[in-house]
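The values are calculated or read from the model by the stated rules, or taken from the named source; none is laboratory data. Everything numeric here is computed off the predicted structure, so don't read it as measured data. Here Cβ is always computed from backbone atoms with ideal geometry, including for glycine, and neighbour counts include all displayed protein chains. Protein only, heavy atoms only, side chains kept; ligands, DNA and RNA dropped before computing areas. Shrake-Rupley method; radii C 1.70, N 1.55, O 1.52, S 1.80 Å.
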Amino acid sequence: MAVFTPVSLDEARRFLAGYDLGEVAELTAIAEGVENTNYRLETRQGAARRRFVLTLFEARTDEASLPFCLGLTAHLAGRGFPCPTPIEDRSGGWLGRLNGRAAAVIEWKTGAWLLHPSEADQAAAGAVLARLHQTAAGFAGRRENPVGPAMWRRLADRCAAGASGEDRALLDQVEAALARLDDPFTDDLPVGPIHADYFPDNILFEEGAVSAVIDFYFGCTGPLVYDLAIALSAWGFDAEGRPMPDALAAFQRGYEAVRPLSEAERAALPRLGEAAALRFTVTRLHDRIFHDPSKLVTPKDPAVFLRRMDHWRALETA
């Protein structure tokens, strides 16, 4: 269960006293997620009940970045994009403090993520990502990528102090990829706000359509095609990291039906796909080496993203 900071019902009620959401009726921990603490919050106003997500932002989330992340979400939601709206407190702010953490209340969106999306689902998710890029274009905020090449280097250096056995072998391959890619974001490519974590578990479906895109806390300013590369790396490979050509084609087809790639973006996609796979390999490797067993979160296997790098590198050299 990804609950790093416990919150009691009484603590939640004191925090929610600053909002016009009614009386807190239920507070239930949400088990999914590995970065922040989330609770499903249900409030009651007379006979009406409403649901929200109460999020406490943990140490790995940069508090200074939250106005960008919440602002981007509000910008998108306000223009009809399917994502949750951050809820303002009585002072008009999105952020407060609860049990020593920055905290926010977010609209609850219905739907569920798909463990085995069909090709039609892949195409739908790709189209929604393209819509995200188009709708976010007018958002004025800027944020540097918090998990860009400089962070990859720092994480790899830290891993070197604790890696052994299989992790050491993975780290050697990470080091080779770091040397090969250097800074992959050097092209003059279209840039704008990106989600940067467009994985299946952040995309909710309902009645065969995308009902919501959630979790914008890695959101930043970056090449739009890098966001596509992350998404393809997340959606287009099986649990062992092997490519699924039909899924890759369907997702990209859905994306380009809304926003066709430029020739420069198309040429950059394999290299940025390798960069995306490297980013998730090194963060997962770091989390496995330095896993705190007192936190009830199972580290994810970095090897399955390392295998994705082989696919993208083969396309780049073809």
Extreme residue, positive dipole direction of the chain, given options Ala64, Gly192, Asn99 (C-beta unit charges): Asn99
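Can you tell me the mean projection area, over all orientations, of the convex hull of region 199-246's alpha carbons? Units nm², please. Working shown, then result.
Values: hull surface 17.3 nm².
Value for region 199-246: 4.3 nm².
Work through the residues other than Asp157 whose Cβ is under 15 Å from its Cβ and net out their charges, Lys, Arg +1 and Asp, Glu -1. The partial results should precede the final answer.
On the way: positive: Arg153, Arg154, Arg158, Arg168; negative: Asp167, Asp172, Glu175.
Around Asp157, the charge tally is +1.
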Heavy-atom surface of the chain, accessible at 1.4 Å and reported per residue (Å²): 45 Å²
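Please report the antiparallel percentage of the DSSP beta bridges confined to region 190-271, to the nearest 5. Provide the component values of the computation, followed by the final result.
Numbers: 9 of 9 bridges.
In region 190-271, approximately 100 percent of DSSP beta bridges are antiparallel ones.
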Selection from Gly111, Gly80, Ala125 lying farthest towards where the dipole of region 72-137 points positive, charges on Cβ: Gly80
Label-to-label distance, nm, for residues given as Glu88 and Arg242 (7 Å Cα→Cβ offset): 5.3 nm
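Peptides 45-51, 62-68: what's the order by average Cβ count within 10 Å, highest mean first?
On the way: 45-51: 10.6, 62-68: 15.1.
Answer by packing, highest mean first, reads 62-68, 45-51.
Using the 2.2 N^0.38 Å rule of thumb for compact globular proteins, work out how region 77-200 stacks up: its C-alpha Rg over that value, please.
Numbers: Rg = 19.5 Å, N = 124, 2.2 N^0.38 = 13.7 Å.
Expressed relative to 2.2 N^0.38 Å, the Cα Rg reads 1.42.
Please sort 179-188, 264-273, 3-12 by packing, taking for each peptide the average over its residues of neighbouring beta carbons within 10 angstrom, highest first. Walk me through the intermediate numbers first.
Working: 179-188: 12.5, 264-273: 20.1, 3-12: 14.9.
Peptide ranking by packing, descending: 264-273, 3-12, 179-188.
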Compactness of region 124-263 - radius of gyration and Dmax, Cα, Å: 16.6, 48
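Within region 152-191, what whole-number % of the accessible surface is contributed by carbon and sulfur, with the 1.4 Å probe and all protein chains included in the calculation? Mind showing how you got there, number by number?
Values: 1070 of 2330 Å².
After summing per-atom areas, the C and S share lands at 46 percent.
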Burial order of peptide ranges 204-210, 125-131 (average beta-carbon count within 10 Å, highest first): 125-131, 204-210
Cα-projected label distance for Arg49 with Ala318, points at 7 Å along beta-carbon direction, nm: 5.2 nm
Using alpha-carbon coordinates, inclination of helix 303-317 to the longest axis of the chain, degrees: 50 degrees
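Which FRET efficiency, nearest 0.05, do Glu63 and Glu144 yield, Cβ-Cβ r, R0 25 Å? Intermediate results must be reported in sequence, preceding the final value.
Values: r = 15 Å, r/R0 = 0.61.
It comes to 0.95.
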